[in-house]
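A.B. asks: For reference, the structure I am asking about is given below.
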Amino acid sequence: MKICLKGARIIDPSCQLDQYLDIMVAEGRIAALNVNLPAEGTQLFDLSGKIVVPGFIDLHVHLREPGYTDKETIASGAEAAAAGGVTSLFCMPNTSPPADSAEVVEQIRSEATAAGLVRVFPVGALTRGRLGKEPADFKALYSAGVRAFSDDGSPVEDSGLLYRIFKELSCYDGAVVFSHSEDLSLSRGGVMHEGLISKLLKQPGIPAVAETAAVARDILLAQAAGVRLHLAHISTAASVEWVSWAKEKGLPVTAEVTPHHLFLTDEAVKIDGALAKVNPPLRPETDCRALRRALLDGIIDIIATDHAPHQGSEKELPFRDAPFGITGLETAVPLLLSGLVQKGLLNLSGLIQAFSCRPARLMGLNTGTLRPGAPADLTVLDLEAASFVEPGRFYSKAKHSPFAGWKVCGLPVLTMVGGAVIMKQGVVQNVTGS
């Protein structure tokens with residue numbers, strides 16, 4: 001049956017669209033956009049007062065499966081994405097076994113298909129076993145449909161090896177390296193940002209230069225090798241300067257920022273303890289301001305969550321022993337709407353560009369748009385809906401967050417993937433996972 005979405009404001013920066021139109025969905029695709037489309041014989045959704053945007057695309061998610069299903073499963077992560085208005089996600093390869101082979105990639109895809117919710121794109125490892133010793137089998141991974149490659153969380157320390165990897169991947173059309181830029185010789189042993197708060201709490205620090213030095217190295221190696229480079233979760237003002245330099249040079253370099261690096265500072269560690277322990281660590285307010293400005297100016301292209309779930313018992317360990325990571329799939333859109341759009345720091349079109357259109361364009365997807373003929377992947381927003389962040393209600397297995405109790409205004413109220421409604425009013429539809 002056809003679906004008719006009526007009465008909403010349609011915002012799609014990919015085709016410079018911002019007006020009140022009806023949307024007709026047929027056979028899983030956008031069939032038409034126009035005023036007063038006939039609704040007879042369709043499943044009608046009255047979306048008066050709502051906003052329809054291209055579905056959000058998250059380039060940085062940890063689904064933990066295979067191997068760590070106590071933290072998250074592909075099914076529970078897909079449910080969390082659907083609840084958060086995310087229609088496509090890229091899952092990182094730090095699983096057990098790691099996604100360094102076509103077999104693991106196909107296993108992830110099979111589980112995602114069984115979940116039947118969002119589109120899941122596996123990220124392939126840069127090195128075999130993510131051990132940083134030798135390149136992964138890029139030919140096999142690429143043949144299996146992988147286009148993004150990363151050793152996320154375990155940066156390749158050997159610059160010579162990384163240069164060889166970059167040169168090899170530059171030969172594969174559409175391949176993108178997702179770089180976790182961190183100089184481990186500078187950060188090893190640290191548990192939070194090195195600064196006044198780490199000294200106050202007597203915790204070993206991770207200096208900002210541990211990221212910035214690696215960002216500079218990765219950009220320069222990518223320039224020499226001619227590979228497309230995407231810098232994950234940058235967190236420092238100095239990293240922004242390097243990204244700006246790369247863009248001025250016309251290099252194919254993009255960068256992402258997470259909501260937690262936009263809205264939380266290292267002060268959060270004093271209040272939330274290990275719930276605010278992330279890598280890269282939360283930085284001072286000066287860095288947060290630089291990140292927000294870079295996002296507004298387009299130096300930072302993309303928003304991604306770095307959704308990294310852990311068991312509650314792990315986050316209750318002493319701070320030095322607790323794992324790095326934060327949940328993000330279900331909080332990102334409300335936080336961004338409340339903390340950026342509602343405060344006038346970024347308009348809604350800019351948010352959609354950063355969290356949908358540009359990720360789709362970077363990865364060569366046919367989503368991130370509402371053009372007729374495109375897959376009907378869309379998110380409906382209610383900018384008037386107010387709520388509080390309640391981790392106990394998360395679909396993710398990780399039911400904790402440093403944002404717990406934050407009041408948000410603006411929520412995703414409907415998620416559609418391929419013409420199928422997978423979330424309505426916060427409730428995930430036809431849940432098949434656990």
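The values are calculated or read from the model by the stated rules, or taken from the named source; none is laboratory data. As the structure is a computational prediction, the values presented were derived from the model and not from experiment. Glycine also receives a Cβ, built like all others from the backbone with ideal geometry; neighbour counts cover every protein chain displayed.
A.B. asks: In the list GLY116, GLY124, GLY77, which residue meets the criterion of being in contact (Cβ under 8 Å) with a residue 40 or more places away in the chain, of a type in the set (Gly, Ala, Ser) and in contact with a strand residue (DSSP E or B) (Cβ under 7 Å, 6 or more places away or on another chain)? Give the derivation first.
C.D. replies: Values: GLY116 fails: in contact with a strand residue (DSSP E or B) (Cβ under 7 Å, 6 or more places away or on another chain); GLY124 fails: in contact (Cβ under 8 Å) with a residue 40 or more places away in the chain.
When all the criteria are applied, what remains is GLY77.
A.B. asks: Any residue in segment 299-306 that is of a type outside the set (A, V, I, L, M) and without any contact (Cβ under 8 Å) to a residue 24 or more places away in the chain? I'd like the intermediate steps shown before the answer.
C.D. replies: The initial filter retains those residues of segment 299-306 that are of a type outside the set (A, V, I, L, M), namely 301, 305-306.
Applying the additional criterion that residues be without any contact (Cβ under 8 Å) to a residue 24 or more places away in the chain yields none.
No - not one qualifying residue is present in segment 299-306.
A.B. asks: Out of everything in segment 100-113 that is of a type in the set (A, V, I, L, M, F, W, C) and free of Cβ contacts under 8 Å to residues at least 40 places away in the same chain, what residue ends up being surrounded by the fewest Cβ atoms within 10 Å (Cβ to Cβ)? Full working, then the answer.
C.D. replies: First pass over segment 100-113, keeping only residues of a type in the set (A, V, I, L, M, F, W, C): 102, 104-105, 108, 112.
Right, trim to free of Cβ contacts under 8 Å to residues at least 40 places away in the same chain and you get 104, 112.
On the way: VAL104: 22, ALA112: 24.
The selected residue is VAL104.
A.B. asks: Is it the case that THR286 is among the polar types (S, T, N, Q) and crowded, with 19+ Cβ neighbours inside 10 Å?
C.D. replies: Details: among the polar types (S, T, N, Q): yes; crowded, with 19+ Cβ neighbours inside 10 Å: no.
In short, no.
A.B. asks: Continuing with the same structure: Inspect all residues belonging to segment 260-275 and state whether any of them is in contact with a strand residue (DSSP E or B) (Cβ under 6 Å, 6 or more places away or on another chain) and at positive phi. Don't jump to the end; show me each part of the working.
C.D. replies: The first filter runs over segment 260-275 and keeps only residues in contact with a strand residue (DSSP E or B) (Cβ under 6 Å, 6 or more places away or on another chain), leaving 260, 266, 269.
Right, trim to at positive phi and you get none.
Within segment 260-275, none of the residues are in contact with a strand residue (DSSP E or B) (Cβ under 6 Å, 6 or more places away or on another chain) and at positive phi.
A.B. asks: Same structure, new question: Looking only at residues in segment 38-48 that are modelled with pLDDT of 95 or more and outside any strand (DSSP E or B), which one is farthest from SER356 (Cα to Cα)?
C.D. replies: SER48
A.B. asks: At pLDDT below 95 and touching a Lys or Arg at 6+ places or on another chain (Cβ under 7 Å), is that true of ALA26?
C.D. replies: Answer is no for this residue.
A.B. asks: Among the residues of segment 261-276, how many are touching a residue at least 60 places away in the same chain (Cβ under 8 Å) and buried (at least 19 other Cβ atoms within 10 Å of the Cβ)?
C.D. replies: Qualifying residue count, segment 261-276: 9.
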